[in-house]
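The structure appears below as structure tokens.
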Protein chains: 2
Amino acid sequence: MERIPILKLQNYLLVTIQVELHDQLAITLQDDLTQTLSRTHARGVLIDISALEIVDSFIGRTLAHIASMARVMDANTVIVGMRPAVAITLIELGMSLTGIRTALNVDKGMELLRRADGSDPESS
Amino acid sequence: MERIPILKLQNYLLVTIQVELHDQLAITLQDDLTQTLSRTHARGVLIDISALEIVDSFIGRTLAHIASMARVMDANTVIVGMRPAVAITLIELGMSLTGIRTALNVDKGMELLRRADGSDPESS
């Protein structure tokens, strides 16, 4: 099981991270995600991190890389399900995840992606 | 990370199984799922097993248990993303997953749940 599954939900891709992200797994995820974006023409990526009790600088960097890759492939990225303790740690690590949008849960994340997609002028 | 996250998608719950399901983890998942069903009044459960290369009789039984529990809580269960090799193994193990619906991917699974929900007479 050395692969994080990427689920397609309508026009978006959903990734649930629930295992320790080591180097190789992070690279595989980035590869798989860019390939799936290119194949499915998805408009956004939702990454659920509700299972993560700890987000270290490696995971933070990986998430930022994924968001940048998605951006150059014309897709938005939203991180959902961040635990309060994780938010505190991230800021303490000096990682404010600039350029990555966040939402409290998948429903709100999908709403955010849809709004960004519909080029709503009110989209944040 | 001794917990499989349960995501809420509109009226449905989505569970992606990507780690080895041992006894305690299966029990925790069943507990979490029934509690989430009761709290959210979700109408269905989608279980994605696309990450599983092997489904043994323990996992098969766990999936069947989850479906039965969901049923008595008035929710349908759909298993999505089964690999061809897993389908072969399941049948060879004599587990035909009776009472559990399956769909090829999350979108089709959601469609199945929506149809069952809308009490469409054509729903299979």
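The values are calculated or read from the model by the stated rules, or taken from the named source; none is laboratory data. Keep in mind that this is a model prediction, so the values were computed, not measured. Counting neighbours? That spans all protein chains shown, and the Cβs are built from the backbone with ideal geometry, glycine included. We work out accessible area using only protein heavy atoms, side chains counted, and drop any ligands, DNA or RNA first. Shrake-Rupley method; radii C 1.70, N 1.55, O 1.52, S 1.80 Å.
A point 7 Å from Cα along Cα→Cβ stands in for B:Q30, and the other copies hold the same point at 4.2 nm, listed in rising order. For A:V45, the amide hydrogen comes within under 5 Å of the amide hydrogens of A:L13, A:N76, A:T77, A:V78, counting only partners 5 or more places away or on other chains and with H modelled in the peptide plane.
Mind checking B:62-69 for the average number of partner chain beta-carbons within 10 Å of each residue's beta-carbon? Could you put the intermediate results ahead of the total?
Values: counts 0, 0, 0, 0, 0, 0, 0, 0.
Mean number of neighbouring Cβ atoms from other chains: 0.
Position B:N105: other-copy label points at 2.6 nm, ordered by increasing distance, label point 7 Å along Cα→C-beta. The apolar share of the surface of the stretch A:6-117, taken as the fraction of accessible area on carbon and sulfur atoms (1.4 Å probe, ligands and nucleic acids excluded), comes to 53 percent. On association of chains B and A, roughly 2000 Å² of accessible area becomes buried (total for both chains; probe 1.4 Å). Only helices enter this figure: runs of n ≥ 4 DSSP H residues, each worth -39500 (n - 2.57), summed and divided by the residues of chain A, yield -14000 deg cm²/dmol at 222 nm to the nearest 500. Per residue, the solvent-accessible area of the protein assembly as shown (1.4 Å probe, heavy atoms of protein chains only, all protein chains present) comes to 50 Å². Using the empirical formula 2.2 N^0.38 Å as the baseline, the Cα radius of gyration of the stretch B:10-68 reaches a ratio of 1.11.
For B:M73, the distances from its label point to the matching points in the remaining copies are 3.4 nm, ordered from shortest, with each point set 7 Å beyond Cα toward Cβ.
Which whole number gives the average, over all residues in A:6-13, of C-beta atoms from other chains lying within 10 Å of the residue C-beta?
On the way: counts 3, 12, 3, 6, 3, 0, 0, 0.
So the per-residue partner count for this stretch is 3.
How many angstrom lie between the C-alpha centres of the stretch A:1-65 and the stretch B:56-104? Centre-to-centre (Cα) distance: 26 Å.
Averaged across the residues of A:18-30, what count of C-beta atoms belonging to other chains lies within 10 Å of each residue's C-beta? Show your work: numbers first, answer last.
Details: counts 9, 4, 1, 0, 0, 0, 0, 0, 0, 0, 0, 0, 0.
What the average comes to for A:18-30 is 1.
Distance to the A-onto-B rotation axis is smallest for one chain A Cβ; residue and value in angstrom are A:T16, 2. With the convex hull drawn over the C-alpha atoms of the protein assembly as shown, the volume per residue is 137 Å³. At each listed q (0.16, 0.18 Å⁻¹), what is the log10 of I(q)/I(0) that the Debye formula gives for chain B modelled as equal alpha-carbon point scatterers? One equal scatterer on each Cα of chain B leads to -0.73, -0.94. Using a Förster distance of 41 angstrom, determine the FRET efficiency expected from the C-beta separation of A:A87 and A:Q24, and round it to 0.05. It comes out at approximately 0.90.
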